[in-house]
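The values are calculated or read from the model by the stated rules, or taken from the named source; none is laboratory data. These numbers come from a predicted model, not from an experiment. As a convention, Cβ positions derive from the backbone with ideal geometry for all residues, glycine included, and neighbour counts pool all protein chains shown. All accessible areas refer to the heavy atoms of the entire protein, side chains included, with ligands and DNA or RNA removed. Shrake-Rupley method; radii C 1.70, N 1.55, O 1.52, S 1.80 Å.
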Amino acid sequence: MSLLDTRERRRTPATAPPVAARNGLWQRIRAAKWSYVYLAPMAVLLLAFVIYPIFASFGYTFYRWNGIGSPGEYVGLDNFRQILHDGIFWGAVKHTFLYAFVLVPVQLLLALALALVLNNPKLKFALFFRTVYFIPVVTSAAVVGVVIQLMLANFGDSAGSLLAKTGVTNGHIDWLGDPNTALAVIIAIGIWHTLGYNLVYFLAGLQTIPAELYEAAKLDGCGPVQSFFRITIPMLRQVGVVIVVLAFIGSFQVFDLVQVLTGGGPYFATEVVNTYIYHLAFGGAAGAAAQPDIGLASAASFLYGLLLILFSALQVLALRRISRRRTAANQ
Amino acid sequence: MTSSNVSRRSLLRTAALGAGTMALGGGLSACGSGSPSSSADTLTYWDWYVTQAPWVDKEIELFEKAHSGVGVKKTTQQNAKYPDLVALANRSGNPPDVFMIPQVPSVAEQVAKGWLHPLDEWATPKWQSRFPEGTFLEGANVFDGKVYSAPLKGSGAQLQLYIHHGVFTSVGLTNPDGSVKIPRTWDEVTSAAQTITKKSGGKSYGFGFGNADGIGVLAWWLDLFVRGAGAPGGAPTAPGTGMDYRVGKWTFGTDRAYADFLELFVEWKKRGFFHPNSVSLSDEAARAFFERGKFGMTVGGVWNQPEWTQHKFTDYSLVTLPSPTATPKGYWYADPVGNGAFAAVSAKSKKAHEAFQWLDALTSPAAGRRWVQDLNGVSVYPEGNDPDGIDSKPFAAFVGMTEQVLRGPVPLVRNPELAGVAPSVPKPDISDVVAGVYTGQIKDVQGALSSLADKKFQLLSDAVAAVAKKGKKVSTSDYVFTDWDPTKPYTTKKA
């Protein structure tokens, strides 16, 4: 078969398309009008609250502006220069990437292990356990943060003293107030809080694997470990890619947990990019501690956006490369 | 019947139902607005007073009794978001009739934006004369000769070291007559903290604070301790404060009192004198911990007292300006600028006359006396600040501390054109630096202090230059008062 034949076949479907498809664009839209009606609210909200602010805030990056009245003082690229020279910004970038690169692998391994256990048809009360693991996900991060902050700091002096007295810790540790432990605590809470998402994705992925494959493997003498590496992992590859991408996106957006647990402190030890931007845009907690600067916040958002685009591009390139290598290896 | 027909009909039915509901709702709400207690006679009032709320409520009650037919609808906003909310209300053209003036933007900026109603129609010279001399100050509450606000509070000792009697007594920190041994110098404070930490058997610590809210608690410690050591600027706890007017600069890096105290502060931490959760405790929780005797000493302002009094906790003392020597080398200085602009009538108010009456009532001598009697702070009227008439012993002690507040230099008096100078606040500011030093994240303390002082002066220079560019005669030398002796009251001469 020549290349031309293949192209021709692509252009000419084997079966005739529906009438609507053969008519113009308008006819096709009319045929699916209710779909468009249902999509419209989301599209409008997306345009108003995501797409428009992205472009609007870019204009603010050239001004020094406290958010009151209209932006007046044009500063050119000064906001970008200031952000690029701000050690706190780069510290926040470091903390955000650390959060993502520790949380994602640990959480994925835990979620996969739990999904394998919960997918076992012989497990009793599986539904109960699935619910238990999913409950943190449906609980607001702000609520989780407030409760844990109360437990660890405001009520936690007794627990801290007990751990110190029993020798579990070397002295009383201020978990959220010590720069050496605060970020680790936040990452641990982040892992626990969103574990349920990935657990559900993996469970869904596991349930798409035909049982016949495992039966056939068993007949061929495969053990559970071999089945896991030869059937489960390859069959989960597609869903795995989606999970990794979503987990990284979610991790790079970390904000509420940090804001509620530590506010980015102590002395910026847990500042992530989103709390950094928030503090620039809305000032300090006391309103007077630091003045809001929408221009600086917009510049920081824009630079972070560029960093994430760069990271996403690298991620896509890496995935493509891995995929090509695998295809080549299979051929 | 096709599904699309059903959908269209359903949609129309739903729309009709919705329109009917809205019409009914509109009708109902119209009924509500026509009631006798309508909003036509009700003033809207915003503040951020939480612990002082009982005083405000009492003033509203008295005002409504005295002005029949005029009501006041109070909204207490969250302190941290107050500037944003006032700005948004003004932008949307729907501000409250009367509101406490937010700290940001500056009063001058708020006047320039047309948010505030000039009070000259009512604030006659006779009305102004009821306030102490020097109350109305161009650049603080007067702009272009027009009065925009009036004070409620007088200048008190801004911060105190609170001492828990129960904790002190339990570890034997008492005088031969059984009274509590009050520490007044840095050494005495250190010694008391050491005794509490050693002798309480782990039940109490020497000190504690709650730094989690980001309200600058650690700057309070520095401010309280360095003033008496001869650094009259203290530490900036609000924008535009903390400058040493002898040189017109922030002297964190050049006055050794700052580094000396921070060294002592870190030493206290290393020796385990602080409650170990202090960095992550909230300020509210720290207040409750102190009340329960989890630590013997804390630093705070008079705002702590109403809550403790409500809880019937009065077994404490307070001292201000603990110093390395028995006699302080610096004091607290009256703040006519910060205290002079308390509340304002909105320029958009349709009931400006009634709104002024409410502002007049809030700033009256009688309201000031009740402000003091309800343990909120000192009044701008000296006659209202008599410790003898106050039941609460700790609060009477606080009122007695007004003797430690001296009149200091006021750059605005010398040059009213400085009104528009609003330097940016650096991040990190002094409170962050103290947190960094306390947690061990900043090793080069002297370097961090010097760098911050330079940065603050640079921001001031930029702000002054920006105002000078608009044709005003201002200079950074307007902040220098070489003839000021910080141990004596100072009267700023007008230019």
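A:ILE148 falls short on exactly one of the conditions (1) out of contact with any Ser or Thr (no Cβ under 8 Å at 6 or more places or on another chain); (2) in a helix (DSSP H, G or I); (3) without any contact (Cβ under 8 Å) to a residue 12 or more places away in the chain, and that condition is (3). For segment B:414-454, the set of residues classified as over 24 Å from the mean Cα position of the chain (by Cα) and either charged (D, E, K, R) or not in a helix (DSSP H, G or I) (or both) consists of B:ARG414, B:ASN415, B:GLU417, B:THR439, B:GLY440, B:GLN441, B:ILE442, B:LYS443, B:ASP444, B:ASP454, listed by residue number. If you go through segment B:337-367 and pick out every residue that is part of a helix (DSSP H, G or I) and open to solvent by less than 20 Å² (accessible area, probe 1.4 Å), you end up with 8. Among the residues here, B:GLY228 does not qualify as within 12 Å of chain A (Cβ to nearest Cβ) and of a type outside the set (Asp, Glu).
Table: residues versus (1) exposed (fewer than 13 other Cβ atoms within 10 Å of the Cβ); (2) assigned to a loop (DSSP other than H, G, I, E, B); (3) away from chain B (no Cβ under 13 Å).
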position: A:TYR38; (1), (2), (3): yes, no, no
position: A:LEU47; (1), (2), (3): yes, no, yes
position: A:SER57; (1), (2), (3): no, no, yes
position: A:LYS94; (1), (2), (3): no, no, yes
position: A:TYR99; (1), (2), (3): no, no, yes
position: A:VAL102; (1), (2), (3): no, no, yes
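Within segment B:433-446, can one find any residue that is more than 28 Å from B:ARG256 (Cβ to Cβ), open to solvent by 20 Å² or more (accessible area, probe 1.4 Å), more than 10 Å from chain A (Cβ to nearest Cβ) and touching a residue at least 60 places away in the same chain (Cβ under 8 Å)? Checking segment B:433-446: not a single residue is more than 28 Å from B:ARG256 (Cβ to Cβ), open to solvent by 20 Å² or more (accessible area, probe 1.4 Å), more than 10 Å from chain A (Cβ to nearest Cβ) and touching a residue at least 60 places away in the same chain (Cβ under 8 Å).
Of all positions in segment B:296-318, at least one carries a residue that is among the β-branched types (Val, Ile, Thr), in contact (Cβ under 8 Å) with a residue 24 or more places away in the chain, crowded, with 20+ Cβ neighbours inside 10 Å and outside any loop (DSSP other than H, G, I, E, B).
Scanning segment B:167-214 for residues that are assigned to a loop (DSSP other than H, G, I, E, B) and either under 24 Å from A:SER158 (Cβ atoms) or of a type in the set (S, T, N, Q) (or both) yields a count of 14. Flag not set for A:GLY223, criterion: within 18 Å of A:LEU116 (Cβ to Cβ), of a type outside the set (Ser, Thr, Tyr) and in contact (Cβ under 8 Å) with a residue 60 or more places away in the chain.
Residues checked against (1) under 27 Å from B:ILE442 (Cα atoms); (2) modelled with pLDDT of 90 or more:
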position	(1), (2)
A:ASN154	yes, no
A:LEU162	no, no
A:ASP174	yes, yes
A:ASN180	yes, yes
A:GLY190	no, yes
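Of all residues being surrounded by fewer than 18 Cβ atoms within 10 Å (Cβ to Cβ) and under 26 Å from B:PHE168 (Cβ atoms) in segment B:246-268, which is nearest to the other protein chains (Cβ to nearest Cβ)? Just the residue, please. Once the filter is applied, the top-ranked residue is B:VAL266. Check whether at least one residue in segment B:120-134 is buried (at least 19 other Cβ atoms within 10 Å of the Cβ) and more than 14 Å from chain A (Cβ to nearest Cβ), and report yes or no. Checked against the condition, which is being buried (at least 19 other Cβ atoms within 10 Å of the Cβ) and more than 14 Å from chain A (Cβ to nearest Cβ), segment B:120-134 yields at least one hit.
The helices (runs of 4 or more DSSP H) found entirely in segment A:183-288 that carry 3 or more residues being away from chain B (no Cβ under 14 Å) and exposed (fewer than 14 other Cβ atoms within 10 Å of the Cβ) are A:211-219, A:224-227, A:233-252. Applying the criterion of being open to solvent by 20 Å² or more (accessible area, probe 1.4 Å) and touching a strand residue (DSSP E or B) at 6+ places or on another chain (Cβ under 7 Å) to the residues of segment B:195-226, the residue that is farthest from A:GLY265 (Cα to Cα) is B:THR197. Can you tell me how many residues in segment A:163-174 are outside any loop (DSSP other than H, G, I, E, B) and surrounded by 13 or more Cβ atoms within 10 Å (Cβ to Cβ)? Total meeting the criteria: 2.
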